[in-house]
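K.L.:
Please see the structure below; I have some questions.
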Amino acid sequence: MNTFFLTDLVTPEVNLTIILPEIVLAVAGIVVMLYDSFFPKQRTVTGVISLIALAATGVILAMLWSGGQPATAWNGMIVHDSLRLSFSFVFVFVSAMTVLISTVWVEREDVAVGEYHALLLFATFGMLLMASGNDLVVIFLGLETLSIATYVMAALRKGDLRSNESGMKYFILGSFASAFLLYGMALIYGATGSTDLTRIAEKVADPNFPGLLLVGAAMLIVGFGFKVALAPFHVWAPDVYEGAPTAVTGFMAAGPKAAAFASFLRIFVLGLPFVAGVEVAGYLHKSWISVLAVMAIITIVVGNVAAIMQSNVKRMLAYSSIAHAGYAMTGFIGAGLAASAAARSEAIAAVAFYMLTYAITNMGAFAIVTLLAEKNDRRTEFEDYNGIGFKTPVLAFSLSLFMLSLLGLPLTAGFMGKILVFRPALEAGYPLVTALVVVAVVGTAISAYYYLRMIVVMFFKERTTEWQPPRIPAALAATLIITVAGVFYFGIFADRVISVFSTSPSATVIAADK
């Protein structure tokens, strides 16, 4: 008979400061729900509360970056490093832009605003938890919080059959992918005896059951492949993106994808590292690098080729987002092949920077598409953009800039993002990964067709029907100013951001302690 002593209990490393960003968003989501319950007709207040909470979260993250917090807390379940902080800024930015963009369609279509803003805040909470989690359980909890909120947001336009279909497809396929993730995590726990990624990394060299470790990693690739829309697990994205409200589509294409990449990076690059001289660890590392490289190649080809054939702008941007997942994966693989900790940190920072530049460009493009789409997204075909270039020059020139940034034109954020994720993959010197970079460059050239097509349609096609330029609301104007400025700033001063993103605040603390 075993005797249990109080001394056997592990004292938790309670540190509320390190999870203060998550606490602020969770409390704000509850406040928004309660306020909407008592004052459902006050449509602007919940948006203001959401923006204040997101701004406060951004300030807290900046303070944490320079405040010298410990590397881990809560018994290693929460980690405080550059990966967590850099991706968290992406999440906060995407959510803030989504609130501003949504002012157009929630008023136009009489959506339950408080419910929508609460879901958005809870989804952002889940994204932050995914980036900060150093334990498989914490990552899964963050993923499910994000996913459940996003399922509802996709189907929030209750009277639209396309939105209902979008939410149902996303829910069914997303639940299927979550099952793969959970089963993979369970197998990794069985192989290593822990859900803590630090301990898993130590146990990779000598797992209890090597076969379970390999199968578990394969299942995680399937689950995360769905979340980031890697081929062949991308089939849900075009239908879901087209049917969901345009503002929600922009959010899904940038925020949840970046969160999935953050957890994907932490588990595979940091939790399943290469261990020299160990057969199991070496085989596992080589296997997931090769599998992801092949998947990235297929993703880039499928995304760009399918985008050419689309006549709907939202479906075109959906396939574009699939291709961009392949581009980001090149930096991911470069981080996995990095020869040193410094090179790995720079590669991870490059992926975070790429997701930031993509988020800025993507949110700007979807802001304009939201405004021009009218009620129930009736105007989202390419022909609806015929001849609007000189009738609404602010919108047309801004959208052209965003298309050129997605293409990767020099002096734009998209160009620097691609350069930075391609470089670590090339420096690795792995033949299959080098082929991936070549395919990515060719894919970028192919994408010029459908990105430039939008510009041609707006400025060189004539309209056959009357069209009145829409009034640009103040919130949407603020979004355009921020995103246009961001495209130029991150295209010219990228080195400053990368140097900050690759500097781990926890490393300073550890060095000081020693």
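The values are calculated or read from the model by the stated rules, or taken from the named source; none is laboratory data. Remember, predicted model here, so these are calculated numbers, not experimental data. Here the Cβ positions follow ideal geometry from the backbone for every residue, glycine too, while neighbour counts run over all protein chains shown.
K.L.:
Quick one: in segment 53-69, which of the residues that are in contact (Cβ under 8 Å) with a residue 12 or more places away in the chain, out of contact with any Pro (no Cβ under 6 Å at 6 or more places or on another chain) and part of a helix (DSSP H, G or I) is surrounded by the fewest Cβ atoms within 10 Å (Cβ to Cβ)?
P.N.:
SER66
K.L.:
Still on this structure, please answer the following. Which residues, taken from segment 344-384, are in a helix (DSSP H, G or I), at positive phi and among the charged types (D, E, K, R)?
P.N.:
ASP377
K.L.:
Among the numbered conditions (1) more than 17 Å from ILE446 (Cα to Cα); (2) buried (at least 22 other Cβ atoms within 10 Å of the Cβ), tell me where MET316 comes up short.
P.N.:
Here MET316 meets the rest and fails (1).
K.L.:
Collect the residues in segment 320-349 that are polar (S, T, N, Q) and at pLDDT 90 or above, keeping them in residue-number order.
P.N.:
The answer is SER320, SER321, THR330.
K.L.:
Could you tell me whether SER37 is out of contact with any Phe, Trp or Tyr (no Cβ under 7 Å at 6 or more places or on another chain) and farther than 25 Å from ALA367 by Cβ?
P.N.:
yes
Residue-by-condition table, conditions (1) among the hydroxyl-bearing types (Ser, Thr, Tyr); (2) over 16 Å from the mean Cα position of the chain (by Cα):
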position: PHE122; (1), (2): no, no
position: ASN134; (1), (2): no, yes
position: LEU146; (1), (2): no, no
position: ALA155; (1), (2): no, yes
position: ALA177; (1), (2): no, yes
position: GLY184; (1), (2): no, yes
position: SER194; (1), (2): yes, yes
position: ALA205; (1), (2): no, yes
position: ALA217; (1), (2): no, yes
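K.L.:
Consider ALA494 carefully, then state whether it is of a type outside the set (Phe, Trp, Tyr), at pLDDT below 90, buried (at least 22 other Cβ atoms within 10 Å of the Cβ) and under 30 Å from ALA339 (Cβ atoms).
P.N.:
Against the criterion (of a type outside the set (Phe, Trp, Tyr), at pLDDT below 90, buried (at least 22 other Cβ atoms within 10 Å of the Cβ) and under 30 Å from ALA339 (Cβ atoms)), ALA494 does not qualify.
K.L.:
Next up: List the number of the failed condition for SER340; all other conditions in (1) closer than 21 Å to ARG453 by Cβ; (2) without any contact (Cβ under 8 Å) to a residue 12 or more places away in the chain hold.
P.N.:
(1)
K.L.:
So, of the residues in segment 373-394 that are buried (at least 22 other Cβ atoms within 10 Å of the Cβ) and either out of contact with any Ser or Thr (no Cβ under 9 Å at 6 or more places or on another chain) or aliphatic (A, V, I, L, M) (or both), which turns out to be farthest from ALA318 (Cα to Cα)?
P.N.:
Applying the filter and picking the extreme gives TYR385.
K.L.:
Restricting to segment 171-203, name every residue that is acidic (Asp, Glu) and in contact (Cβ under 8 Å) with a residue 24 or more places away in the chain.
P.N.:
Hit for segment 171-203 is ASP196, nothing else.
K.L.:
Among VAL111, VAL104, VAL99, which is the only one that is assigned to a loop (DSSP other than H, G, I, E, B), under 23 Å from LEU371 (Cα atoms), among the β-branched types (Val, Ile, Thr) and touching a residue at least 40 places away in the same chain (Cβ under 8 Å)?
P.N.:
VAL111
K.L.:
Is at least one residue of segment 36-52 under 25 Å from VAL497 (Cβ atoms), at pLDDT below 90, in a helix (DSSP H, G or I) and not aromatic (Phe, Trp, Tyr)?
P.N.:
Checking segment 36-52: not a single residue is under 25 Å from VAL497 (Cβ atoms), at pLDDT below 90, in a helix (DSSP H, G or I) and not aromatic (Phe, Trp, Tyr).
K.L.:
Let me ask something else. Can you confirm whether ILE333 is under 21 Å from the mean Cα position of the chain (by Cα), surrounded by 23 or more Cβ atoms within 10 Å (Cβ to Cβ) and not in a loop (DSSP other than H, G, I, E, B)?
P.N.:
For ILE333, the condition - under 21 Å from the mean Cα position of the chain (by Cα), surrounded by 23 or more Cβ atoms within 10 Å (Cβ to Cβ) and not in a loop (DSSP other than H, G, I, E, B) - is met.
K.L.:
Another one. Which count do you get for residues in segment 75-91 that are surrounded by fewer than 24 Cβ atoms within 10 Å (Cβ to Cβ) and either within 14 Å of PHE125 (Cβ to Cβ) or in contact with a strand residue (DSSP E or B) (Cβ under 6 Å, 6 or more places away or on another chain) (or both)?
P.N.:
Matching residues across segment 75-91 total 3.
K.L.:
Further question on the same structure: Out of everything in segment 461-484 that is free of Cβ contacts under 8 Å to residues at least 12 places away in the same chain and outside any helix (DSSP H, G or I), what residue ends up being farthest from TYR385 (Cα to Cα)?
P.N.:
So the residue we want is ARG471.
K.L.:
Could you check, for segment 67-78, whether at least one of its residues is within 21 Å of the chain's Cα centre (by Cα) and among the hydroxyl-bearing types (Ser, Thr, Tyr)?
P.N.:
There is no residue in segment 67-78 that is within 21 Å of the chain's Cα centre (by Cα) and among the hydroxyl-bearing types (Ser, Thr, Tyr).
K.L.:
Scan segment 404-443 residue by residue and report those that are touching a residue at least 60 places away in the same chain (Cβ under 8 Å), β-branched (Val, Ile, Thr), touching a Phe, Trp or Tyr at 6+ places or on another chain (Cβ under 8 Å) and in a helix (DSSP H, G or I).
P.N.:
Of everything in segment 404-443, those that are touching a residue at least 60 places away in the same chain (Cβ under 8 Å), β-branched (Val, Ile, Thr), touching a Phe, Trp or Tyr at 6+ places or on another chain (Cβ under 8 Å) and in a helix (DSSP H, G or I) turn out to be VAL421, VAL437.
K.L.:
Being over 20 Å from GLY225 (Cα atoms), of a type in the set (Gly, Ala, Ser) and assigned to a helix (DSSP H, G or I), is that true of even one residue in segment 70-82?
P.N.:
Within segment 70-82, one or more residues are over 20 Å from GLY225 (Cα atoms), of a type in the set (Gly, Ala, Ser) and assigned to a helix (DSSP H, G or I).
K.L.:
If you scan segment 136-180, which residues turn out to be touching a helix residue (DSSP H, G or I) at 6+ places or on another chain (Cβ under 7 Å) and among the aromatic types (Phe, Trp, Tyr)?
P.N.:
Residues satisfying the conditions are PHE140, TYR151, TYR170, PHE171, PHE180.
K.L.:
Pick from ALA259, ALA254: which is crowded, with 22+ Cβ neighbours inside 10 Å, under 15 Å from the mean Cα position of the chain (by Cα), more than 23 Å from VAL137 (Cα to Cα) and not acidic (Asp, Glu)?
P.N.:
ALA254
K.L.:
Could you tell me whether MET295 is surrounded by fewer than 24 Cβ atoms within 10 Å (Cβ to Cβ) and not polar (S, T, N, Q)?
P.N.:
Spelling it out, MET295 is indeed surrounded by fewer than 24 Cβ atoms within 10 Å (Cβ to Cβ) and not polar (S, T, N, Q).
K.L.:
How about segment 453-476: which of its residues are among the aliphatic types (A, V, I, L, M) and either farther than 19 Å from TRP105 by Cβ or exposed (fewer than 14 other Cβ atoms within 10 Å of the Cβ) (or both)?
P.N.:
MET454, ILE455, VAL456, VAL457, MET458, ALA474
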